[in-house]
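Notes follow once the structure below has been shown.
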Amino acid sequence: MPGRRTDLKSWQSLWQRCGMTGDSLAWHQKLLAAYSEPQRAYHTLQHLEECLRCFDEVKKAGVMAKPDLIEMALWFHDAVYDPQGSENEELSARMAVEAGGSDEVARLILLTKSHQPGEGADDAWIIDIDLVIFAQPPERVLEYERQIRVEYAWVPQELYTEKRVEILRGFLEREHLYLTAWFRERHEARARENLRALIAAVKPLTV
C-alpha cells in the first residue's frame, strides 16, 4: 500500500540513522510478520502505523531529545505479543537488542509496560504515543476496544468486564492521562471523553 509508514524505505532510513548493522531487510520482514500474527487484533500493523504517524507529528515539533531512538523503540515495542503472556515487553526489548538496538532503545520499550516514566528525557514521549489511541475518533476507539476483546477472547465475559473497566478507570483517574503538555493540549479532553464512553460500552461488547 503506497505511503504506508511501515514501508521498507522508512525502516531502512531509520536503520541507517541509528547506525544499525546486519540485514535490515530481514529484520523488516521479521517485524511485519510479527505484527501480522493471528493472535493479534489490536497489536497489529494498524497500531504500529498509528504510533509512527503520531511520532512523525511530534517529531515535527522538535520537542524530543533523541527521536531516532524513540522511533526504533516504537517499531519493536510490540514485536512480541502473546495475550496470555506476562513478558511481552521484556521479550520485545530483547529482540530489539538482538537486532542491534541500544540498551536505551530496550529501556524505552520497557516503559510501555507500566506507562510510567523513568528519568530519561524522552520517556514521556513514547508513553504518550503508545496511548494516543484513546484520543482517536470515537469510531476508532470503539474498534480498538473490540480488538482488545478479541485478543482476550479466552477470558470469561464477566471477569473481562471487571478487569477491563478497572484498567480504563485507572487511566481516567490519573491527574493527567498524558504526561507531556504537548499531548495534553491536543488530546487530553478528547481522550477523557472517549474513556468515559468506553467504560460505559465495555459490558455490551462481545466477541
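The values are calculated or read from the model by the stated rules, or taken from the named source; none is laboratory data. Treat the numbers as computed from the prediction; the structure is a model and nothing was measured. Here the Cβ positions follow ideal geometry from the backbone for every residue, glycine too, while neighbour counts run over all protein chains shown.
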Screening GLU139, GLU175, GLU98, GLU151 for residues that are surrounded by fewer than 16 Cβ atoms within 10 Å (Cβ to Cβ), closer than 30 Å to LYS30 by Cα and of a type in the set (D, E, K, R) leaves only GLU98
Tally, over segment 107-127, of residues that are surrounded by fewer than 21 Cβ atoms within 10 Å (Cβ to Cβ), assigned to a helix (DSSP H, G or I) and either of a type in the set (Lys, Arg) or in contact (Cβ under 8 Å) with a residue 60 or more places away in the chain (or both): 2
Has segment 55-64 got any residue that is at positive phi and assigned to a loop (DSSP other than H, G, I, E, B)? yes
Quick one: what pairs do we get from segment 128-142, first residue more than 19 Å from GLN116 (Cα to Cα), second in a loop (DSSP other than H, G, I, E, B) and modelled with pLDDT of 95 or more, C-beta under 6 Å, 6+ apart or different chains? none
Could you tell me which residue of segment 154-194 is farthest from ASP128 (Cα to Cα), considering only residues that are in contact with a helix residue (DSSP H, G or I) (Cβ under 9 Å, 6 or more places away or on another chain) and not in a helix (DSSP H, G or I)? VAL155
ALA197, sole failed condition from (1) of a type in the set (A, V, I, L, M); (2) within 24 Å of ILE109 (Cα to Cα); (3) in a helix (DSSP H, G or I): (2)
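When you check GLY100 against the structure, is it touching a residue at least 40 places away in the same chain (Cβ under 8 Å), closer than 19 Å to LEU74 by Cβ and in the same structural domain as GLY22 (by TED's automatic domain parsing), yes or no?
Values: touching a residue at least 40 places away in the same chain (Cβ under 8 Å): yes; closer than 19 Å to LEU74 by Cβ: yes; in the same structural domain as GLY22 (by TED's automatic domain parsing): yes.
Spelling it out, GLY100 is indeed touching a residue at least 40 places away in the same chain (Cβ under 8 Å), closer than 19 Å to LEU74 by Cβ and in the same structural domain as GLY22 (by TED's automatic domain parsing).
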